Amino acid sequence: MPMKGSFPIRRTLGYLQMGEIIFKPKVKIMTVNYNTRGELSEGARKFVFFNIPQIQYKNPWVQIMMFKNMTPSPFLTFYLVDGEKVLVDVEGKDHNQITEHVKKILGKSEAVLQAEARAKLQASNPANFGHKKHCLRLCMCEVEGQVPCPGNIPLPKEMTGKYRSKLAAQQAEES
């Protein structure tokens, strides 16, 4: 796919996955009020341009709305599950400062993100076998294409050690 348009790197999967902000589950709606002109809205414009696609990718359950040229000063509004409204003033701030501030007040902490990643990795790894509480499969025989457990279904005689040793003994007698 050709890289066309303004800043096509913003639409690549690698760029979208680099997003730092993963909201807590209580955030439902985010609105961004900013102006398309003016020095005070420069950080908000860059935040919308560079960071909103990453936020949308990392937080698909959050509705994000942009309001352009409707307010004299830029701000972010977050609507939470319990009806609470959080206002963040972004006037005169750089887009990196806005990102850090939003991450600090409504983003998940690094410890929570690491714990979730560890739990997801442990539960979803198909190579893990054990109790159903911790792993996807109890035994290797549950994987499609593998030999079933000999305790449940008898193995074909060609696969048993007794048959192989008996066959080897017969071949030794014949030669």
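The values are calculated or read from the model by the stated rules, or taken from the named source; none is laboratory data. Model, not experiment: these values are computed from the prediction. Glycine gets a Cβ as well: all are built from the backbone with ideal geometry, and neighbour counts include every protein chain shown. When the accessible area is computed, the model is the full protein with side chains, heavy atoms only, and any ligands, DNA or RNA have been set aside. Shrake-Rupley method; radii C 1.70, N 1.55, O 1.52, S 1.80 Å.
Numbers below:
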| read-out | value |
| --- | --- |
| Helix axis angle, 161-174 relative to the chain longest principal axis, alpha carbon, degrees | 40 degrees |
| Accessible area expressed per residue, the chain, with surrounding protein chains retained (probe 1.4 Å, Å²) | 69 Å² |
| Efficiency of FRET between Phe67 and Glu116 - r from beta-carbon atoms, R0 41 angstrom, step 0.05 | 0.80 |
| Fraction of beta bridges assigned by DSSP in segment 5-111 that are antiparallel (%, nearest 5) | 65 percent |
| Segment 35-120: GluC sites (Glu not before Pro) falling in loop per DSSP and having at most 12 other Cβ within 10 Å | Glu39, Glu84 |
| Surface share of carbon and sulfur [accessible, 1.4 angstrom probe, percent] for the chain | 57 percent |
| C-alpha long axis of helix 95-106 to longest principal axis of the chain, angle in ° | 70 degrees |
| 25 Å Cα-Cα threshold exceeded, pairs from Lys4/Lys103; Lys28/Lys58; Lys132/Lys157; Lys58/Lys104; Lys93/Lys120; Lys28/Lys108 | Lys4/Lys103; Lys132/Lys157; Lys93/Lys120 |
| Theoretical gain in end-to-end length, His131 to Ala169 [0.36 nm per residue, Cα-Cα removed] | 9.5 nm |
